[in-house]
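**Student:** Below is the structure I would like to discuss, written out as structure tokens.
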Amino acid sequence: MQEEKGTISIHTENIFPVIKKFLYSDNEIFLRELVSNAVDASQKIKRLASLGQYSGEVGDLTIDVKLDESAKTITISDHGIGMTAEEIKKYINQIAFSGATEFMEKFKEANDANEIIGRFGLGFYSAFMVADQVEINSLSYQEGAEPAHWTCDGSTTYEINEGTRTTRGTDVILHINEESAEFLNKSRIQEILNKYAKFLPVPIRFGTKTESEPDGEDADGKPKYKTVEKDNIINITNPAWTKAPSELTDQDYLDFYHELYPHSMDEPLFWIHLNVDYPFNLTGILYFPKIKNELEIQRNKIKLYSRQVFITDEVKDIVPEFLMLLQGVIDSPDIPLNVSRSFLQADSNVKKINNYITKKVADKLQEIFKADRKGFEEKWNDIGLFIKYGMLTDEKFAEKANDFCLLKDVDAAYYTMKEFYEKVKDIQVDKDGNIVYLYTNDQSQQDSFISGAKAKGYDVLVLDGPLDVHFAGYLEQKGGEKVQLKRVDSDVIEKLIPKDEQLTLNLSEEESKKASEIFDKAISRNDMKVEVDALPESDLPVSVTLDEFMRRMKDMAKTGGGMGFYGNLPDNYKVTVNGNHPLVKRIIESSDEDGEKLAKQAFDLALLSRGLLTGPELTAFVKRSVDLI
């Protein structure tokens, strides 16, 4: 063929320095783009053969990535459809740069490399981020085609002459520039291929690897091993998510999980296989991991692919935020991967995919709950945080989750929201008709309050998770008619669920005033407000509580719930003195010194039961207790 030199027809002085400069921070994607092109070319020859448009042998389609450190080159070779000289001029010189002018106008608005490369068809030219010369050696599958060789040094000029390739396919040779010497390192190339090419549908070979194989037994009967060189195949060409669920066993799903997360020590609880082809294409597998009882948004756990090419693990614009707690793979060619985040957020397909995944997750959880409630309850400690997070942040998920969200009480019994409402609606009702849900966030510390509630026949929920201060508000809105939530230690039990009947205070007005004065003096703290109340004799003589509203607002402030003002306010406790307790009568009738000492002791006991007695005050309490004994 005749040698030809020419100029790539773009309306800019030189686009390559701009590509290099702007995309430098993400330059490793050159390998993803070139290997993906090789995969496309390989799949096309298979397709042509299946349609009868290519009668030759398809043969081995393994793609080779070769590193020559001494020559400072990286070569990507395929056995795909190849290109003629005319096709190279068309696809490399013209079409790939059809968006170049627009690129030069728009690149400043872009946020990352993916956006530019995909949007303007510059995938092949990402090679110039790392190479100061790129060659193409290609032979088309077409009968009678001649091999062609194209070379470009990163300017707008190119050369085409006769190529040297004797078999169908294409070699892309990159002459790595000095700035990109990191890519002449074998382990660096291996790392990039592992990241982007792990599940590509055509085998990718990167040199060889040394492995040990059994080699009989030695003289003592012990197994011997020998080292062998094998092809270093990077990828699994037919990963689990590309198969039908009916083809997979539970072990297949678990094996794939460990392929994705080789360092994970835990097995997933269960998984969801996504598979839809209308009105968009989507496949994938989402795993429910064991979640610690703390709010950890495990970013970068769901991997996004397009036709088995890894794109990103930043999926928050595609997956609802609460699903970021899951792990796994989503693969969809319909997601516009290479456009701006604002476009992603507005894209109708992305919204449909988002809604579809939410529905599938909710349906799967409901299915498990109905099929095996006991098993679901056993998993609740691991999945409860996830479900509550979803209910608080996604209304559509919450609509379904209301049926399988579980409430656990202090006796470790589980109820759906509806079941719990039915259980307490006739018992835990106050004089105004409000149904009061009592709850604890620390069973051991609030045990005396829990015991008091249970003595009344009341049930106490356990809400001790990182989201439960917010979930309490959700229960008040959605848990049932006239539902209120009160922490069991936020007041004495008679005040938490006030009834019509009133107990009579056994103290006279004067005695009540004296009791209040003695306790005020004994306590001597501005953050403690003393009240003398008529309570059953069997109740504790002194209780220390923090108002439910104020405490909840302060808890929300701690978790970033937008209540910062309350977070800065000091704690103000209520000290409830049980005027009907014999000890209070004794305190009033004692000498000033003894009465004050007993009052202080009773108050410290109340603090001790709340875990609020520490430091020097605890030391003084212990000494005083010894003296009293």
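The values are calculated or read from the model by the stated rules, or taken from the named source; none is laboratory data. Keep in mind the model is a prediction, meaning the values are calculated, not measured. FYI the Cβ positions are ideal-geometry reconstructions off the backbone, even for glycines, and counts take in every protein chain you see. Surface accessibility is based on the protein's heavy atoms, side chains included, excluding ligands, DNA and RNA. Shrake-Rupley method; radii C 1.70, N 1.55, O 1.52, S 1.80 Å.
**Student:** Does the range 599-614 contain at least one residue that is over 45 Å from the mean Cα position of the chain (by Cα) and open to solvent by 80 Å² or more (accessible area, probe 1.4 Å)?
**Tutor:** no
**Student:** Checking Glu87 against (1) at pLDDT 85 or above; (2) open to solvent by 30 Å² or more (accessible area, probe 1.4 Å); (3) not in a helix (DSSP H, G or I), which single condition isn't satisfied?
**Tutor:** (3)
**Student:** Okay, next question. Please indicate, with yes or no, whether at least one residue in the range 463-475 is at pLDDT 90 or above and more than 31 Å from the chain's Cα centre (by Cα).
**Tutor:** Looking through the range 463-475, none of the residues is at pLDDT 90 or above and more than 31 Å from the chain's Cα centre (by Cα).
**Student:** Do the conditions hold for Ala453, that is, is it touching a residue at least 24 places away in the same chain (Cβ under 8 Å) and closer than 27 Å to Asn434 by Cβ?
**Tutor:** yes
**Student:** Return the pair list, or none, for Cβ contacts closer than 6 Å from residues in the range 460-478 that are open to solvent by 20 Å² or more (accessible area, probe 1.4 Å) to residues that are part of a strand (DSSP E or B) and of a type outside the set (Phe, Trp, Tyr), at least 6 apart or on different chains.
**Tutor:** Partner pairs satisfying both residue conditions: Glu476/Val483; Glu476/Leu485.
**Student:** Asp500 is checked against (1) of a type in the set (Asp, Glu); (2) open to solvent by 80 Å² or more (accessible area, probe 1.4 Å); (3) within 40 Å of the chain's Cα centre (by Cα) and fails just one. What number does that condition carry?
**Tutor:** With respect to (1) of a type in the set (Asp, Glu); (2) open to solvent by 80 Å² or more (accessible area, probe 1.4 Å); (3) within 40 Å of the chain's Cα centre (by Cα), Asp500 is out only on (3).
**Student:** So which of Gly118, Gly154 ends up being assigned to a loop (DSSP other than H, G, I, E, B) and either at pLDDT below 95 or touching a His at 6+ places or on another chain (Cβ under 6 Å) (or both)?
**Tutor:** Being assigned to a loop (DSSP other than H, G, I, E, B) and either at pLDDT below 95 or touching a His at 6+ places or on another chain (Cβ under 6 Å) (or both) holds for just one of Gly118, Gly154, which is Gly154.
**Student:** Tell me, which residue of the range 160-204 that is hydroxyl-bearing (Ser, Thr, Tyr) and surrounded by 17 or more Cβ atoms within 10 Å (Cβ to Cβ) is farthest from Lys303 (Cα to Cα)?
**Tutor:** Taking the candidates together, the pick is Thr170.
**Student:** Is there any pair with a first residue in the range 405-418 that is free of Cβ contacts under 8 Å to residues at least 60 places away in the same chain and a second that is part of a loop (DSSP other than H, G, I, E, B) and charged (D, E, K, R) whose Cβ atoms are under 7 Å apart and which are 6 or more apart or on different chains, and what are they?
**Tutor:** That search, which allows pairs on different chains as well, returns Asp409/Asp459; Thr416/Asp403.
**Student:** Can I ask one more? With respect to Ser140, determine if the residue is at pLDDT 50 or above, surrounded by 19 or more Cβ atoms within 10 Å (Cβ to Cβ), hydroxyl-bearing (Ser, Thr, Tyr) and farther than 30 Å from Thr312 by Cα.
**Tutor:** yes
**Student:** Turning to a different aspect of this structure: Which residues, taken from the range 202-215, are at pLDDT below 95 and within 35 Å of the chain's Cα centre (by Cα)?
**Tutor:** Hit for the range 202-215 is Lys209, nothing else.
**Student:** Taking the range 370-389, which residues are open to solvent by less than 30 Å² (accessible area, probe 1.4 Å) and either over 20 Å from Gly284 (Cα atoms) or without any contact (Cβ under 8 Å) to a residue 60 or more places away in the chain (or both)?
**Tutor:** The answer is Gly375, Phe376, Trp380, Ile383, Gly384, Leu385, Ile387, Lys388, Tyr389.
**Student:** Same structure again: When you look at Asp218, is it surrounded by fewer than 19 Cβ atoms within 10 Å (Cβ to Cβ) and at pLDDT 85 or above, yes or no?
**Tutor:** Criteria not met by Asp218.
**Student:** Just one of (1) in contact (Cβ under 8 Å) with a residue 12 or more places away in the chain; (2) farther than 25 Å from Val35 by Cβ trips up Ile236, so point out which.
**Tutor:** (2)
**Student:** Looking at Ile291, Ile297, Ile272, which is the one that is at pLDDT 90 or above and farther than 23 Å from Ala197 by Cβ?
**Tutor:** Ile272
**Student:** Same structure, new question: Within the set of pairs 6+ apart or on separate chains, which have a first residue in the range 304-315 that is closer than 11 Å to Lys195 by Cα, a second that is open to solvent by 30 Å² or more (accessible area, probe 1.4 Å) and assigned to a strand (DSSP E or B), and C-beta atoms under 6 Å apart?
**Tutor:** Partner pairs satisfying both residue conditions: Asp313/Lys303.
**Student:** Looking at the range 529-546, which of the residues that are touching a residue at least 60 places away in the same chain (Cβ under 8 Å) and not hydroxyl-bearing (Ser, Thr, Tyr) is farthest from Ser508 (Cα to Cα)?
**Tutor:** Val544
**Student:** Another question, if that's okay. In the range 239-250, is there at least one residue being in contact with a Lys or Arg (Cβ under 8 Å, 6 or more places away or on another chain), without any contact (Cβ under 8 Å) to a residue 24 or more places away in the chain and over 25 Å from Ser36 (Cα atoms)?
**Tutor:** Within the range 239-250 (the criterion being in contact with a Lys or Arg (Cβ under 8 Å, 6 or more places away or on another chain), without any contact (Cβ under 8 Å) to a residue 24 or more places away in the chain and over 25 Å from Ser36 (Cα atoms)), the answer is no, since none of the residues qualifies.
**Student:** Further question: Would you confirm whether any residue within the range 344-352 is open to solvent by less than 50 Å² (accessible area, probe 1.4 Å), at pLDDT 80 or above, more than 17 Å from the chain's Cα centre (by Cα) and not aliphatic (A, V, I, L, M)?
**Tutor:** There is no residue in the range 344-352 that is open to solvent by less than 50 Å² (accessible area, probe 1.4 Å), at pLDDT 80 or above, more than 17 Å from the chain's Cα centre (by Cα) and not aliphatic (A, V, I, L, M).
**Student:** Could you check Tyr225 against (1) open to solvent by 10 Å² or more (accessible area, probe 1.4 Å); (2) part of a helix (DSSP H, G or I) and say which number it fails?
**Tutor:** Answer for Tyr225: the failing condition is (2).
**Student:** Of the numbered conditions (1) modelled with pLDDT of 65 or more; (2) more than 24 Å from Glu191 (Cβ to Cβ); (3) outside any helix (DSSP H, G or I), Val65 satisfies every one except a single condition; which is it?
**Tutor:** Here Val65 meets the rest and fails (2).
**Student:** Please go through the range 239-262 and give me each residue that is touching a strand residue (DSSP E or B) at 6+ places or on another chain (Cβ under 8 Å) and either open to solvent by less than 30 Å² (accessible area, probe 1.4 Å) or over 18 Å from Asp277 (Cα atoms) (or both), ordered by number.
**Tutor:** Within the range 239-262, Pro239, Ala240, Trp241, Leu248, Tyr253, Phe256, Tyr257, Leu260, Tyr261 qualify.
**Student:** Which numbered condition trips up Tyr287, out of (1) in contact (Cβ under 8 Å) with a residue 40 or more places away in the chain; (2) in a loop (DSSP other than H, G, I, E, B)?
**Tutor:** (2)
**Student:** Among all residue pairs at least 6 apart or on different chains, which show Cβ distances below 9 Å where the first residue, located in the range 268-284, is surrounded by 19 or more Cβ atoms within 10 Å (Cβ to Cβ) and the second is of a type in the set (Gly, Ala, Ser) and modelled with pLDDT under 90?
**Tutor:** Leu282/Ser332; Thr283/Ser332; Gly284/Ser332
**Student:** Kindly list, by first and then second residue, each pair from a residue in the range 29-48 that is farther than 11 Å from Ala127 by Cα to a residue that is β-branched (Val, Ile, Thr) and at pLDDT below 90, limited to pairs with Cβ atoms under 6 Å and residues at least 6 apart or on different chains.
**Tutor:** If the second residue must be β-branched (Val, Ile, Thr) and at pLDDT below 90, the pairs left are Ser36/Val309.
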